[in-house]
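S.K.: Quick one: the structure is below, questions incoming.
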Amino acid sequence: MRDRRQATNSTNTPETDLPDAGQAPVGRAYADGVKDAVPVVMGYLAIGLAFGVVAKTAGITVPEVAVMSLILYAGSAQFVTVGLIAAGVPASAIIVTIFLVNVRHLLYSAAISPHVRHLKSWQNALIGAELTDETFAVAASRLGPGVPAGAGWFLGINNVSHATWVVCTTVGAVLGSAITDIRALGFDFALAAMFAALLILQINNRPTWMPAVAAAAVGGGVALCASLVVPASWAIIAATLVAATVGMVLEERAA
Amino acid sequence: MIRTQVFLIILGAAIVTLIPRIAPLVLLSRITLPGRVVRWLEFVPVAVLSALLAQAVAMPEGRLLLPPENLAMIAIVPVLLIAVRTRSLIKTVAGGVVVMALLRWMLG
């Protein structure tokens, strides 16, 4: 996590196990991306299997699960889709609902955009096509202010995460009810642990930590309160808009 | 077997998902954003992560759940300590999986 601002402002920067983002030659960069995606892979393992089982139980066929994971590729949206198909909801209503569930990706895509100004439009489209909550979180935590993202590195993260999702959901659908306890071991906690680690690294990345900690507290609070009245994905949008503003204003005052 | 109706639903859902994923990346990367917008966008990861973490820990089944039913709320304490202490993504994720497995073994 060698972010330039951190390198100049901080004298005792703790080391992390993460190498530089996307500065290496393409093959190396792709391999670095694959390595950075390991926590996402661990998380998708449990949720992917769980989704496959749920989808199969709801009457979705194995090839349908595979196609859905290949072209839709969105965890919570796939659970919602399966639920709505099983409930016999009309296609148009399902598609509108999925748009509302996934519209939060606008924020992820916008937040990545300053880091890919040097890339071609088709490269940015490819990167965006495989953006998820988890791949965004991993990628963003490696990109300090003004640091350019390598296309090869980003595709490494995206492709291995996507491949894991397709394989695990399909395997889950094939095995179906043969898997009785998908929560065994604790892999279902992998993504929560990943979000926790990335949040700490992000806070550590800011020039001063107070505004970031305040933003995180506000973000967590708004996310929970808002999810009592709106769907969880909208609560994330509300929390992001409020918390990012709080963080930016506090950091400007501290400067 | 892939049913046509199901395939069309998946295809439609995929297209409306691609738009918010791709459009800002392609359009915003071509223009120079004002400094304040860029600084706001720099705070989006912290904001998103705190929201995702809060939901993952407090609402593991999609609704608010407290301990002892919600083991994630217990497990997050040692996991945050590991994260602060090691500043390592891999160690924190591995530690989280082990902590959760131990909690289930002891309390489950």
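S.K.: Using a Förster distance of 25 angstrom, determine the FRET efficiency expected from the C-beta separation of residue A:96 and residue B:77, and round it to 0.05.
M.R.: On the way: r = 40 Å, r/R0 = 1.60.
The formula returns an efficiency of 0.05 here.
S.K.: Along the positive direction of the dipole of chain B (beta-carbon charges: Lys, Arg +1; Asp, Glu -1; about the Cα centre), which of B:40, B:17, B:58 reaches farthest?
M.R.: Most positive-ward Cα: B:40.
S.K.: Take each of the peptides B:7-17, B:64-74, A:245-255, A:213-223, average the number of other beta-carbon atoms within 10 Å over its residues, and list them starting from the highest. Each step should come with its number before you reach the end.
M.R.: Numbers: B:7-17: 20.0, B:64-74: 14.5, A:245-255: 16.6, A:213-223: 22.3.
Order by mean packing, descending: A:213-223, B:7-17, A:245-255, B:64-74.
S.K.: Looking at chain B, do any whole DSSP H helices span at least 18 angstrom along their long axis by alpha carbon and average 1.0 or above on Kyte-Doolittle, and which? It would help to have the intermediate numbers written out before the result.
M.R.: On the way: long enough: B:4-28 (36 Å, 2.12); B:44-58 (21 Å, 2.09); B:71-86 (23 Å, 2.38); B:89-107 (27 Å, 1.74).
Correct list, ordered by number: B:4-28, B:44-58, B:71-86, B:89-107.
S.K.: Please list, by residue number, every one of the trypsin sites (Lys or Arg not before Pro) in the range B:47-108 that is coil in DSSP and has at most 10 other beta-carbon atoms within 10 Å. Can you show the working numbers first?
M.R.: Values: sites: B:63, B:85, B:87, B:91, B:104; in loops: B:63, B:87.
Passing both the DSSP loop test and the Cβ count: B:63.
S.K.: Only four residue types carry charge here, +1 at the Cβ of Lys and Arg and -1 at the Cβ of Asp and Glu. Report the dipole size of the protein assembly as shown about the Cα centre in Debye, rounded to the nearest 20. Each step should come with its number before you reach the end.
M.R.: On the way: 23 positive and 17 negative charges, 117 e Å.
For this selection, approximately 560 debye.
S.K.: Related question: Between helix A:62-71 and chain A, what is the angle of the helix's C-alpha long axis to the longest principal axis, kept within 0 to 90° and rounded to the nearest 10?
M.R.: For A:62-71 against chain A, the angle is about 30 degrees.
S.K.: Looking at A:87, A:131, A:144, which one has the Cα that reaches farthest to the positive end of the dipole of the protein assembly as shown (charges on Cβ: Lys, Arg +1; Asp, Glu -1)?
M.R.: Positive-end residue among those listed: A:144.
S.K.: Give me the lysines in straight-line cross-link reach of residue A:120: C-alpha distance below 26 Å, same-chain residues under 8 apart excluded.
M.R.: Hits, sequence-local ones excluded: A:35.
S.K.: In addition: How big is the C-alpha Rg of the range A:60-145 next to the rule-of-thumb value 2.2 N^0.38 Å, as a ratio? Walk me through the numbers on the way to the answer.
M.R.: Numbers: Rg = 15.2 Å, N = 86, 2.2 N^0.38 = 12.0 Å.
Normalised Cα radius of gyration, the range A:60-145: 1.27.
S.K.: Please give the residues of the range A:112-147, grouped as numeric ranges, whose backbone N is less than 20 Å from a label point set 7 Å along the Cα-to-Cβ vector of residue B:32.
M.R.: A:112-121, A:145-147
S.K.: Using Cα atoms only, what is the angle between the long axis of helix A:190-205 and the major principal axis of chain A, expressed in degrees (0 to 90) to the nearest 10?
M.R.: Computed tilt is about 20 degrees.
S.K.: Can you give the alpha-carbon Rg of chain A over 2.2 N^0.38 Å, where N counts its residues?
M.R.: Details: Rg = 19.1 Å, N = 255, 2.2 N^0.38 = 18.1 Å.
Output field value: 1.06.
S.K.: Give me the angle, in degrees from 0 to 90, between the Cα long axis of helix A:38-57 and the longest principal axis of the Cα atoms of chain A, rounded to the nearest 10.
M.R.: 20
S.K.: What is the Cα centroid distance between the range A:209-255 and the range A:83-119, reported in whole angstrom?
M.R.: That distance is 21 Å.
S.K.: Need one number: nm distance between label points at residue B:19 and residue B:84, each 7 Å from Cα along Cα→Cβ, rounded to one decimal.
M.R.: 4.4
S.K.: Calculated from DSSP H runs of 4 or more alone, at -39500 (n - 2.57) each and per residue, what is the 222 nm mean residue ellipticity of chain A, nearest 500? Can you show the working numbers first?
M.R.: Values: 13 runs with 178 residues, N = 255.
Rounded to the nearest 500, the figure is -22500 deg cm²/dmol.
No value in this document is a laboratory result; all are computed from the given coordinates. The shown structure was predicted, so the numbers you read here are calculated from the model rather than taken from an experiment. Don't worry about glycine lacking a Cβ; one is built from the backbone with ideal geometry, like all the others, and counts go over all protein chains shown.
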